[in-house]
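Chemist: First the structure, which I've put down as structure tokens, then a few questions once you've had a look.
The values are calculated or read from the model by the stated rules, or taken from the named source; none is laboratory data. The shown structure was predicted, so the numbers you read here are calculated from the model rather than taken from an experiment. Heads up, the Cβs are rebuilt from the backbone with ideal geometry, glycines too, and the neighbour counts pull from every protein chain shown. Note: areas computed on protein heavy atoms with side chains; ligands, DNA, RNA excluded. Shrake-Rupley method; radii C 1.70, N 1.55, O 1.52, S 1.80 Å.
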Amino acid sequence: MAQALVPLKDLVQAKSRLSGLLCPSERSALAKAMAEDVLSVLAGHSAIQQITLVSDDPGAALLARKYGAQCWSERSLGARGLNALMQSASARLLADSEEHPLLVMHGDLPLLTADDISAVLASQGKLQGLIIGCDRRRRGTNLLAFSAACVPRFCFGADSCDGHSASARGAGIAVQILQRLGISVDVDEAPDLKFVMERMHLNPIGNTAQLLYTTELGARVSLALAAMLGDGPPLHAALIDDTDTGIAN
């Protein structure tokens, strides 16, 4: 069994780098939809025993209850900043469950699947070290998996994949970098959103897909992305079903 820890930024301030494409309420709706998809995958996975959401968003507690998760405010952890918050929350969770692995992951992974979680847990169980789920550019970190014996020094931010890897190896912790579609695709900028929309199926499943394919917001985003980034017709008219994944060590 394993635990999962998901930090969630205040939804009012979420996804500011999409401000040229979406208004604040739309960015909030997208961030919430992606977080719900992540929580839904975790809640439905038989190996995830407990989910903890860390957020000061006013709606975070309600969102956590919907998926059977507990919710901790940032203030309750006595820390500031993502890295310090994850360090504090991880220590608290692993103190009560030292033998079980912990997954720390972002809430903006709309292509995440149960198979991705299973692959992470299998790799961590075999390695008995730190699993780093990198982004699609192999620079950022979207997921970390470790046990109490292999807690990393968190360094989310620029080039965090290299930072987490170097720090762990310096501490004598075995490291594996795992790259899978569902873990590597986060959404920060317009090209990320286009990449996601190109890979979601015509029959939308999940909150993010429903938002992007069955609402006026989705139709407008599709047209705006086509105008902004070019490369073909609006995405509503040219979807690609691409579920290939890969693992890189």
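Chemist: Can you tell me the dipole magnitude for the chain around its Cα centre, using point charges on the Cβ only (Lys, Arg +1; Asp, Glu -1), in Debye to the nearest 20?
Modeler: Roughly 420 debye, rounded to the nearest 20.
Chemist: Which value, in Å², gives the accessible area per residue of the chain when a 1.4 Å probe is used on the protein heavy atoms?
Modeler: 44 Å²
Chemist: What nm distance separates the two modelled labels at Arg169 and Asp188, each placed 7 Å from Cα along Cα→Cβ?
Modeler: Those two pseudo-labels are separated by 2.2 nm.
Chemist: What relative contact order, as a whole-number percentage, does the chain give when Cα pairs under 8 Å and 6 or more residues apart are counted?
Modeler: 19 percent
Chemist: In addition: How much net charge surrounds Arg17 when only the other residues with a Cβ under 13 Å from the Cβ of Arg17 are counted, with Lys and Arg +1 and Asp and Glu -1?
Modeler: Once all neighbours under 13 Å are counted, the net charge is -2.
Chemist: Along the Cα→Cβ direction, 7 angstrom out, place labels at Ala149 and Arg137. What is the inter-label distance in nm?
Modeler: Spacing of the two 7 Å Cα→Cβ label points: 3.6 nm.
Chemist: Which of Gly68, Gly20, Gly125 ends up with the largest GNM mean-square fluctuation for the chain, with Cα atoms connected below 10 Å?
Modeler: Gly20
Chemist: Using the Cα centre of the chain as origin and beta-carbon charges of +1 (Lys, Arg) and -1 (Asp, Glu), tell me which of Ala64, His45, Gly78 is placed farthest towards the positive end of the dipole.
Modeler: Gly78
Chemist: Add -39500 (n - 2.57) for each DSSP H run of 4 or more in the chain, then divide by its residues: what number comes out at 222 nm, to the nearest 500 deg cm²/dmol?
Modeler: -12500 deg cm²/dmol
Chemist: Here are some pairs, Lys66/Lys194; Lys32/Lys194; Lys9/Lys66; which of them have Cα atoms lying more than 24 Å apart in this structure?
Modeler: Over 24 Å apart, Cα to Cα: Lys66/Lys194.
Chemist: Further question on the same structure: With contacts defined as alpha carbon pairs under 8 Å and 6 or more residues apart, what's the relative contact order of the stretch 1-118 in percent?
Modeler: Worked out over the stretch 1-118, it gives 39 percent.
Chemist: So what is the relative contact order for the stretch 80-211, in percent, with contacts set as C-alpha pairs under 8 Å and at least six apart?
Modeler: So the answer I get is 28 percent.
Chemist: Okay, next question. Heavy atoms only, probe 1.4 Å: what % of the accessible area of the chain goes to carbon and sulfur, would you let me know?
Modeler: The C+S portion of the solvent-accessible surface of the chain is 51 percent.
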